[in-house]
């Protein structure tokens, strides 16, 4: 399909998908960092708070991406 025939919805969907990928990276990294700090301060350098924080970050990003992508109709 030529780019001149691409509809607005395809461009909008691409932009929202790009936003979702960057949001997942940012929130996953933020959760990883927060989990690492909590692990260092409170749990004597255990590994599970780090992965739990990263999981929460990715989960929040997934939820927000799902809402954004479902709003395109």
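The values are calculated or read from the model by the stated rules, or taken from the named source; none is laboratory data. Treat the numbers as computed from the prediction; the structure is a model and nothing was measured. Neighbour counts run over all protein chains shown; Cβ positions are idealised from the backbone, glycine included.
Contact annotation: residue pairs with Cβ atoms under 7 Å, 6 or more positions apart or on different chains, pairing a residue in segment 44-58 that is farther than 9 Å from residue 27 by Cβ with a partner that is surrounded by fewer than 14 Cβ atoms within 10 Å (Cβ to Cβ) and modelled with pLDDT under 90, are 49/43. The residues of segment 21-32 that are over 10 Å from residue 61 (Cβ atoms) and either at pLDDT below 95 or touching a helix residue (DSSP H, G or I) at 6+ places or on another chain (Cβ under 6 Å) (or both) amount to a single one, 32. Tell me, yes or no, whether segment 21-43 has at least one residue that is assigned to a helix (DSSP H, G or I), buried (at least 16 other Cβ atoms within 10 Å of the Cβ) and in contact (Cβ under 8 Å) with a residue 40 or more places away in the chain. Among the residues of segment 21-43, at least one is assigned to a helix (DSSP H, G or I), buried (at least 16 other Cβ atoms within 10 Å of the Cβ) and in contact (Cβ under 8 Å) with a residue 40 or more places away in the chain, which makes the answer yes.
Here is a yes/no grid of residues against (1) over 16 Å from the mean Cα position of the chain (by Cα); (2) modelled with pLDDT of 90 or more:
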{"site": "8", "(1), (2)": "yes, no"}
{"site": "19", "(1), (2)": "no, yes"}
{"site": "57", "(1), (2)": "no, yes"}
{"site": "70", "(1), (2)": "no, no"}
